[in-house]
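To start, the structure under review is shown below, and the notes come after it.
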Amino acid sequence: MDEKIAPHLEELTRALGDLEKTGIRAEFEKLIAFRVPPDIAKESILRKFGEKKRILKVKDLSANLKNFEFTGRILDLGEKSIRSQAEAQEKPSRLYTGVLADETGSVQFSSWKELPGSIGDVINVKNAYVRIWQNRIRLSIGEQSLVSKISDSLLPSLSELSASQKKKLIDIRAADFSVDTVACILQLSYREVLVKGRQSRVISGVLADETGRLPFTSWIELDGIDIGSIIRIDGAQVRIFRGMPSVNILSSTKVSSVGPEEAEKLAFTFESVAKDPVPIKIEEIDSRDSMFDVSVAGNLVSVRPGSGIISRCPECSRVIQKGNCRVHGKVEGIWDMRIKAVLDDGTGSMSVTFPRELAETIYGKTLEEAEQLMFSDVSKDAVYEDIKRFLTGRYLAIRGNSSKSEFGISFVAESAWLPEEDIAVRIVELLRRLGSDEEDGSDKSSQVSRGGIELA
Ligand SMILES: [Zn+2]
């Protein structure tokens, strides 16, 4: 028997490394014990642990990730017993929870397996996945995961990793367990909410530094802090809000004002961060899971079906079909208008949703005017066709929030405008480039481009 499996084990070792340490040998032997032929067992192990070998860092973690490898140092570890109703007779399962960190950040985890290490140790997890728990990202270690202890890791020491990590806003990711940052308050608003039956005041707003902006929520009073204040935040939590990271200030978070002397040394001021965001390229948006309050300019290359007049459920605002809500059944729908379109800037493309006010602005017709068109025309797609005719090919600037999924980038516009003056600037710029080519005494290429322009 051993002779039969030895060559397969050798091959697996070559492909996957130390089989004992990673627990792959045990997995292989389990299959053999179930009378799986050795070559089939080998293939199945290779499929499971070999091909899709993705090694991720904390900064790469986002919702819906599965089957990846992760190495981190245990910063915190606890356990509790979980007894489900159905299995009341059985002995309770143990759930191990805590925090894992690498040089890019720290993340909460939960594990159904006892870990082969304790606080301070580095562990490697194969077949890890991400779960969202209370709007936070959790690295999950399940029955199918393999966990091993790494004794010679190059990760920073426990004390270095435990010191909460100072980050610029652009580096704060959804997975971050705890962050420190220095930022300016750009927007501030207050609302009353019920927290555990008690009326409390919650502060929310927008933080900014020289790298970007992020929404924040504070569950504690921020005395003496107002729009324009520059604050130091130590030990904030990150939660996911509308698909993007949001900084949460809790009672355990320390917030202090940054004095004028220290503020002078910063790379930003309230005036510099309060300016409208400079348009960025879609390829940059595509390189990140989400971006908050950015602007982009490009051409609307297509208007997607589902644009135009829609009917919404009065209870839940879902889009309804033929007076039927998926949740509330037969309802009296409320008319609404929206536009979904694809914007392309030459570096990439993305799907953009324009809610009613913006749809009215860029289409140039109000909802009421569009309704008239819908009722006066026999075609039920009259408004959609009209929007397509009017908007396809237009050059448009938008500002809003992006988030990425397996279907690509979706961008929700919060403002949109037709940058007329921008077209003039672009033509002048183009002519200048062609002109300077000519002054250089060059060559056929400028003649060719000029020809191109005359033709167009
Ligand atoms: Zn409904």
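Taken together, the values in this text are just the output of simple stated rules run on the coordinates, not laboratory data. Being a predicted model, the structure only gives us computed values, none of them experimental. Here the Cβ positions follow ideal geometry from the backbone for every residue, glycine too, while neighbour counts run over all protein chains shown.
If packing is taken as the average count of other Cβ atoms within 10 Å, what order do 356-362, 227-233 fall into, highest mean first?
Per-residue Cβ counts within 10 Å, averaged per peptide and sorted highest first, yield 356-362, 227-233.
Which whole-number percent gives the relative contact order of the chain, counting Cα pairs below 8 Å spaced six or more residues apart?
Across the chain, relative contact order equals 9 percent.
For Lys21, list the lysines whose Cα falls under 19 Å from its own Cα; do not include residues on the same chain fewer than 8 positions away.
Lys21 reaches Lys30, Lys42, Lys48, Lys53, Lys113, Lys126, Lys149.
How much length is gained on full extension from Ser317 to Asp171, taking 0.36 nm per residue of separation minus their Cα-Cα distance?
Full extension from Ser317 to Asp171 adds 49.1 nm.
If you average the C-alpha positions of the stretch 240-314 and of the stretch 149-205 separately, how far apart do those two centres end up, in angstrom?
Between the Cα centre of the stretch 240-314 and that of the stretch 149-205, the gap is 17 Å.
How tilted is helix 2-16 with respect to the longest principal axis of the chain? Cα atoms for both, answer in degrees (0 to 90, nearest 10).
40
Packing-wise, with mean Cβ within 10 Å as the measure, how do 27-36, 363-372 rank, highest first?
Ranked from most to least packed, the peptides come out as 363-372, 27-36.
Would you calculate, for the chain, the mean residue ellipticity at 222 nm contributed by helices, counting each DSSP H stretch of 4 or more residues as -39,500 (n - 2.57) and dividing by all residues, to the nearest 500?
-7500 deg cm²/dmol
Restricting to bridges with both residues inside the chain, how much of the DSSP beta-bridge set is antiparallel, in percent to the nearest 5?
If we restrict to bridges inside the chain, about 90 percent are antiparallel.
How high is the relative contact order of the stretch 165-274? Use alpha-carbon pairs under 8 Å, at least six apart in sequence, and give a whole percent.
Once divided by the residue count of the stretch 165-274, the mean separation gives 28 percent.
If the chain between Glu20 and Val301 were fully stretched, how many nm would it gain, using 0.36 nm times the residue separation less the Cα-Cα distance?
Working it through step by step, the gained length comes to 95.7 nm.
Take the alpha carbon gyration tensor of the stretch 2-51, find the square roots of its eigenvalues, order them as a ≥ b ≥ c, and report rounded if a/c is under 1.5; if not, report prolate when a/b exceeds b/c, else oblate.
Because its axes are fairly even, with a/c under 1.5, the stretch 2-51 counts as rounded.
By the gyration tensor of its Cα atoms, with a ≥ b ≥ c the square roots of the eigenvalues, what is the shape of the stretch 282-418: rounded for a/c under 1.5, prolate for a/b over b/c, or oblate?
oblate
Just order 208-217, 138-147 by mean Cβ neighbour count inside 10 Å, highest at the front, would you?
Put in order of decreasing packing, that is 208-217, 138-147.
Classify the chain as rounded, prolate or oblate, taking a ≥ b ≥ c as the square roots of the eigenvalues of its Cα gyration tensor: rounded when a/c is under 1.5, otherwise prolate if a/b is larger than b/c and oblate if not.
Verdict is prolate for the chain.
Reachable aspartates and glutamates from Lys80, Cα under 16 Å, same-chain residues fewer than 8 places away excluded?
Answer for Lys80, where 16 Å is the Cα cut-off: Glu90, Glu114, listed by chain and number.
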